[in-house]
Amino acid sequence: MTAQNVIPLTPRLKSLAARQWHDYRRAEPGSSFADPELSVTLDEAYAIQMETARLRCAAGDAIAGYKVGCIGAGVVEQFGMSGPIHARLFRSEIRNGGEKLRHTAFTNPAIEGEMALRIGDNGRIAGAFPVIELHQFVFRAPRRTLAELVANNGINAGVIVSSELKTTPLEKWENARSLSVAINGTTVDAGPLWAMQGGATEAIDWLQSDLDRFGEILRPGDIVLAGTPLGLHPVRPGDHVAVSIDNREYLHCGFA
């Protein structure tokens, strides 16, 4: 496949990507964006994201899928900007349901409840299941932009997945009405399952179209976070997070 919109990886962009990778390892994401003189276009931000991912994979990690982000009403209102954008998921950050995470391993950690999709043959949806998306909720520029969000890989810091749910067919959720998030037993957010009007199919179609611009494709086994209508919620040490569909809890995690 030929990339339609590849931005040349100039020395400047390569240097910014190297700094992003350095910042990630220090758990201090996106320090470059604290510079008020820094100007990055959206396509340059994708080039930075891709080069940072290359550096990360060269160090032993691997791409596990993608996320579609910044589309739901909750996030759009919080961020003050609207996507959609895409970012990458990494194998090292796919975590098991019920896991207890170290709060200090993140910078300003926050969570979302969301629906994820598993890609089967020919790019088709082979499964759908709720997840908890983890974030490092950090913006450093004086004004939040999609470019900073994209260069920082959608501020994604991993995803909590229940292995038992990964084979659940999309049809199971056809009549589901509500996705909700509870922290310490109190529901803090609830809304429909899908952020895009066309649901899971629209999310996958948009993502593959956007990946086409860079000569990339979805592969069997990829996990795709389909976007959420809910907002991000900061978490503190001792918090317990649970995600439910129609008041039935499907997975949880904790922070120590």
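All of the numbers you see were taken from the coordinates with simple rules; none came from a lab. The shown structure was predicted, so the numbers you read here are calculated from the model rather than taken from an experiment. Every residue, glycine among them, receives a Cβ derived from its backbone with ideal geometry; neighbour counts consider all protein chains shown.
Data overview
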quantity	calculated
Globularity ratio of the chain, using Cα Rg and 2.2 N^0.38 Å	0.95
Where GluC sites (Glu not before Pro) fall in DSSP loop in region 1-85, at most 16 other Cβ within 10 Å	Glu37
Neighbour cut-off at most 10 other Cβ (10 Å), DSSP loop, GluC sites (Glu not before Pro), region 170-222	Glu174
Pair-distance profile P(r), taking every C-alpha pair of region 189-256, with 5 angstrom steps and integer %	3, 13, 16, 20, 17, 14, 11, 6, 1
Net charge dipole size for region 1-150 [Lys, Arg +1 and Asp, Glu -1 on Cβ; Debye, nearest 20]	360 debye
Which of Cys57, Ala176, Ile245, positive extreme of dipole for the chain (C-beta unit charges)	Cys57
For Val241, Val131, order by how many other beta-carbon atoms lie within 10 Å, fewest first	Val241, Val131
Label-point separation, Leu211 to Gln197 (7 Å along Cα→Cβ), nm	2.5 nm
Partner aspartates and glutamates for Lys14 [C-alpha distance under 13 Å; skip if fewer than 8 residues away on the same chain]	Glu44, Glu51
Stretch gain in nm, segment Arg102-Arg19, where the contour uses 0.36 nm per residue and the Cα spacing is subtracted	27.4 nm
Region 11-255 - percent relative contact order, Cα under 8 Å, separation 6 or more	27 percent
Cα convex hull of region 1-116 - mean projected area over all directions, nm²	9.1 nm²
Orientation-averaged projected area, Cα convex hull of region 117-256 (nm²)	9.5 nm²
Value at 222 nm in deg cm²/dmol, rounded to 500, when DSSP H runs of n ≥ 4 in the chain each add -39,500 (n - 2.57)	-7500 deg cm²/dmol
Residue exposure sequence - Ile125, Ile119 - by fewest surrounding Cβ within 10 Å	Ile125, Ile119
